[in-house]
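Report on the following structure.
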Amino acid sequence: MRQKIDYGIDLGTTNSAIARMDSGEAVIIKSDDNQMDTTPSCVSFNKKQTMFVGLSAKSAIEREAVAAFKARKANAANGYLEFKRTMGTDHQYTSSNMNRSYNSEELSAEVLKKLKGYVRDEEIVSAVITVPAMFKQSQLEATQRAAELAGFGYCELLQEPIAASIAYGIKANAATGYWLVFDFGGGTFDAALMHVDEGIMKVVDTAGDNHLGGKDLDNVIVDQLFIPALRKQCALDDTLSNPQTKKLLQEALKSYAEQAKITLSSKSQWNYFLEDLGEDDDGEEIQAELSISLDEYERATRPVFQKAVDIAKNILTRNKLAGLDLSSLILVGGPTFSQTLRQMLREQVTANVDTSIDPMTAVARGAALFASTKNIPDNLQKRDSSKAQLSLKYPETTVETHENLGIRIDRSKSTANLPEKFSLEVLRGDSAWSSGKITMDSDVEIVEIQLNAGKPNQFTIKLAGLDGSSIPCEPSSITIIHGLKIASATLPYAIGLEVYDTTDAKQGVYPLEGLEKNKTLPAKGKGRFKTAQDIRPGNASDKLFIPLYEFESEGSRAVLNSFFGKFSITGKDLGAFLPINSDIEVTLRIDASRRGSLSVYIPALDETFDIVIDHENTEAEANDTLLETINEARLIAKQLAADGNSTARKKIEILDQTERDLRERSQDRDIQEKVKNTLQETFIELDKQQESGEWPKAEQELREALEDLIKVNKRYGNHNSNRIVVEFENHAQRIIEHRDAKSAQKLKKEIYSLSIELESQDIGFWVGLIQYMDEEFDDITWTDRQTAYQGVQNLKRLLNANPSKERLEQATLEVWGLMVYTSDGSAPSINNSLLRR
């Protein structure tokens, strides 16, 4: 029985593969039907309610698509593919033959079962399953559920670029330098920048697009090349003007697009005589010559490829690297066979494009290598107690050529009649090295083993009695990978809370310290925040809300980011009063598979709340709503472009293309998800551009605040304040040089705070502040308007009592704490159930 997981699965959008460790090598397990390395990620059901998975399902789907177009009738589908692109959503695939619907994880589970079925010599209880590096949390959870449905007792997730890097690293003997993994799959794209130093791998940065892949190439071939050609040769105007019948035609043409794509990956021309597609709008049989040259293909597909190339270029730029700094650009995924893409990468990124590993199987092989370093959970291991049970300690991966193997005989777990002493021998798989026979005087031994450089090493453990009689033991072999210390996964997005930031005077998402983008997993994030309202015990309407998000842009609006999870506390959960401005300590732990557990501690009450984050599938958005949102973004972009903003002009082009994509494939849920992601990214960028457009005002306010501080400091300052003012002046100069509006706002707040601190030495300051709060009460934003009003009235009565400065200061600060500072005097919409920082 295996103690290591040893099985790796590449669960792909269009094709999947399974590999396992055998005799120290990662071996692809070929499919049953045609002995291929990969299996189409397709599921179909016939009228007899028989399920087909793989190649037979793919053929059935293609036949069904043609039949549906011939009939011009969109019957409930009974075949499904590319469902990975809707993982983590609430999308349902309805089968008329089965009289039920399936979600993405249920269909993915059937693909996993198919792959498991290729293994007949043992039962698979656990596996490493790969996922795109940029998968969101809901997508990861859906993958875990698929593994459970497929019967895996334990599943560990591994980012696809890391898996590919492991496969490449073994082959390349882990050469030192920077690698860029360019993983262009059937439905997703990942770019991962890796650094390797004497075999020790590290993930430097990741980027990608969960809605960019080979499917998009098929779509542009159909929409831009096939349909125009058919329109010229056949009467199809009525068909194409109807979204439902147009979708049927697009689906019927998809398999031909795939053929063209594969042919033009290496050749300069593709020709096909299309027939047996039914009749056109005039009742004539559809017959057409489809002929695509490499030039035509490239004009259509280059924009799709360019999106991936731009992501790769950007990841280098933001890490201050150039293509010349890369020792290798590693190609992964079927579309990377394309001569067009390879030429674009050589021209725009680096000449060091590496084609030494099989793009179709690298991820599965790497996953199996990774799996050989991970233990099967004890509760899933089925040990044979009639054998001598061994506890082993050794490094699963190493860059050293000699390592220690610790061996202990665990008599308590063995029912065998074991001798007092043993003869032990450890042999390397190539038979070129042996420890020789060692007498174990006790039940513990440490053996120095010698490894072959730059490859996986398998060692066999032989146990015998001193009389030479063989004693079966378990485990009886191990694998150590030499030359490579496998990189740990990193966070592709920052994870944090939606809070009200008192410095920026805005509500947005901010990371927990320790959960910033590219932090190595497992990771722990912590943060200390303040409550914005009183929480009364037993009162359900008093609420403390902690929404968690994955995001890339700090301070961006929560609605523009991916929801991670939530936690809320009401007065019913508390046994005592929790006043406003109470401390709240938030700790979020993320494991190696990016599962999260949250702990919320309230020091004032000494209470802790612990939860495991549950994730919800994302819901569909109506096309009309998406089109309205596109128009809203376009209006903002046009306003910025009118002021000469070049970034906004580019965003208008992206929004125009996004609208075309949505209208071309309005029935495609995946396109809807892609549009939503594009809109999120666009709004975040437009927000940034609007902020940068506020620079002139921010600069003026910063200069004025600094001038006021200098005056106040001359009157009330001291040696320490003089030093701080000089630091502020230097900081302000740097901000002005970089035209950083956000930093200007922050520094202005710090300057404002120091001015108040200095002026507050004079009782006149506190009198003036009370007068200001009274006269401008209606124009001030308060966290609790009723309490603030009562507080100001009390302060006015206190003034008549001729109080000391200290007493007046203390009383005023209590009311001052209820004010919300805004730079423009406007009153933002503030959710007081959120925390403040």
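The values are calculated or read from the model by the stated rules, or taken from the named source; none is laboratory data. Here the structure is a predicted model, which means the values were calculated and not measured. Because the Cβ atoms are built from the backbone with ideal geometry, glycine has one as well, and the counts that use them run over all protein chains shown.
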Return the residues of segment 290-321 that are touching a residue at least 60 places away in the same chain (Cβ under 8 Å), of a type in the set (D, E, K, R) and touching a helix residue (DSSP H, G or I) at 6+ places or on another chain (Cβ under 7 Å); say none if nothing qualifies.
Glu296
Only one of Gly153, Gly177, Gly169 that is more than 23 Å from Val203 (Cα to Cα) and either in contact with a strand residue (DSSP E or B) (Cβ under 7 Å, 6 or more places away or on another chain) or surrounded by fewer than 23 Cβ atoms within 10 Å (Cβ to Cβ) (or both)
Gly153
Val792, sole failed condition from (1) farther than 22 Å from Val712 by Cβ; (2) surrounded by fewer than 15 Cβ atoms within 10 Å (Cβ to Cβ); (3) not charged (D, E, K, R)
(2)
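Residues checked against (1) part of a helix (DSSP H, G or I); (2) touching a helix residue (DSSP H, G or I) at 6+ places or on another chain (Cβ under 7 Å); (3) farther than 30 Å from Ala312 by Cα; (4) assigned by TED's automatic domain parsing to the domain that holds Leu277:
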residue: Asp205; (1), (2), (3), (4): no, yes, no, yes
residue: Gly208; (1), (2), (3), (4): no, yes, no, yes
residue: Leu230; (1), (2), (3), (4): yes, no, yes, yes
residue: Asp238; (1), (2), (3), (4): yes, no, yes, yes
residue: Lys246; (1), (2), (3), (4): yes, yes, yes, yes
residue: Leu253; (1), (2), (3), (4): yes, yes, yes, yes
From the list Ala698, Ala637, exactly one residue is within 28 Å of Ala622 (Cα to Cα) and either small (Gly, Ala, Ser) or part of a loop (DSSP other than H, G, I, E, B) (or both). Which is it?
Ala637
Would it be correct to say that Glu750 is surrounded by 13 or more Cβ atoms within 10 Å (Cβ to Cβ), under 26 Å from Ala698 (Cα atoms) and in contact (Cβ under 8 Å) with a residue 40 or more places away in the chain?
no
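Listed here are the residues, each with its yes/no results for (1) β-branched (Val, Ile, Thr); (2) farther than 27 Å from Ile29 by Cβ.
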| residue | (1), (2) |
| --- | --- |
| Ala367 | no, no |
| Ala371 | no, no |
| Leu380 | no, no |
| Asp384 | no, no |
| Leu390 | no, yes |
| Tyr394 | no, no |
| Val399 | yes, yes |
| Leu405 | no, yes |
Name the pairs whose Cβ atoms lie under 6 Å apart, with the first residue in segment 598-614 and part of a loop (DSSP other than H, G, I, E, B), the second of a type outside the set (A, V, I, L, M) and surrounded by fewer than 16 Cβ atoms within 10 Å (Cβ to Cβ), and 6 or more positions between them or separate chains?
Pro603/Asp583
Pairs where the first residue, in segment 533-557, is assigned by TED's automatic domain parsing to the domain that holds Glu685 and of a type in the set (Lys, Arg) and the second is modelled with pLDDT of 90 or more and surrounded by fewer than 17 Cβ atoms within 10 Å (Cβ to Cβ), C-beta under 8 Å, 6+ apart
none
Identify, please: which residue in segment 753-780 is of a type in the set (Ser, Thr, Tyr) and modelled with pLDDT under 85 and is, among those, nearest to Leu813 (Cα to Cα)?
Ser760
Would you check which residues across segment 528-577 are in a loop (DSSP other than H, G, I, E, B) and of a type in the set (Ser, Thr, Tyr) and list them?
Thr531, Ser541, Ser553, Ser556
What is the residue count in segment 142-180 for residues that are within 23 Å of Asp378 (Cα to Cα) and among the charged types (D, E, K, R)?
3
So which residues in segment 259-269 are surrounded by fewer than 19 Cβ atoms within 10 Å (Cβ to Cβ), part of a helix (DSSP H, G or I) and either of a type in the set (Val, Ile, Thr) or touching a helix residue (DSSP H, G or I) at 6+ places or on another chain (Cβ under 9 Å) (or both), if there are any at all?
Ile262, Thr263
Evaluate the following for Arg72: is it under 25 Å from Asp209 (Cβ atoms), touching a helix residue (DSSP H, G or I) at 6+ places or on another chain (Cβ under 7 Å), at pLDDT below 90 and not aliphatic (A, V, I, L, M)?
no
Residue under question is Arg703, and the condition is that it be more than 27 Å from Arg649 (Cα to Cα), outside the structural domain of Arg557 (by TED's automatic domain parsing), surrounded by 14 or more Cβ atoms within 10 Å (Cβ to Cβ) and over 40 Å from the mean Cα position of the chain (by Cα); does it hold?
yes
For segment 758-770, enumerate the residues that are surrounded by 13 or more Cβ atoms within 10 Å (Cβ to Cβ) and without any contact (Cβ under 8 Å) to a residue 12 or more places away in the chain.
Phe765
How many residues, within segment 760-795, are in contact with a helix residue (DSSP H, G or I) (Cβ under 8 Å, 6 or more places away or on another chain), within 24 Å of Gln533 (Cβ to Cβ) and part of a helix (DSSP H, G or I)?
11
Within segment 270-319, residues more than 38 Å from the chain's Cα centre (by Cα), surrounded by fewer than 17 Cβ atoms within 10 Å (Cβ to Cβ) and not in a loop (DSSP other than H, G, I, E, B) come out as Asn271, Tyr272, Phe273, Glu279, Glu285, Glu289, Ser291
Tell me yes or no: at least one residue of segment 176-188 is over 18 Å from Gly208 (Cβ atoms) and among the aliphatic types (A, V, I, L, M).
no
Within segment 215-236, is there a residue that is touching a Gly at 6+ places or on another chain (Cβ under 7 Å) and within 30 Å of Phe551 (Cα to Cα)?
yes
Considering only residues of segment 180-222 that are in contact with a strand residue (DSSP E or B) (Cβ under 7 Å, 6 or more places away or on another chain) and of a type in the set (Phe, Trp, Tyr), which is farthest from Gly12 (Cα to Cα)?
Phe182
Counting only residues that are in contact with a helix residue (DSSP H, G or I) (Cβ under 9 Å, 6 or more places away or on another chain) and aliphatic (A, V, I, L, M), which one in segment 721-747 is surrounded by the most Cβ atoms within 10 Å (Cβ to Cβ)?
Ala744
Report the residue count in segment 578-593 for those that are surrounded by 15 or more Cβ atoms within 10 Å (Cβ to Cβ) and either of a type in the set (Gly, Ala, Ser) or part of a strand (DSSP E or B) (or both).
10
Output for segment 386-409, where each listed residue is over 17 Å from Val447 (Cβ atoms), modelled with pLDDT of 90 or more and either of a type outside the set (Lys, Arg) or in contact with a Lys or Arg (Cβ under 7 Å, 6 or more places away or on another chain) (or both):
Ser386, Gln389
Candidate set from segment 351-375 (those that are among the hydrophobic types (A, V, I, L, M, F, W, C) and in a loop (DSSP other than H, G, I, E, B)); member that is surrounded by the fewest Cβ atoms within 10 Å (Cβ to Cβ):
Ala351
Taking the conditions exactly as written (out of contact with any Pro (no Cβ under 7 Å at 6 or more places or on another chain), under 14 Å from Gly12 (Cα atoms) and buried (at least 24 other Cβ atoms within 10 Å of the Cβ)), does Ala127 satisfy them or not?
no
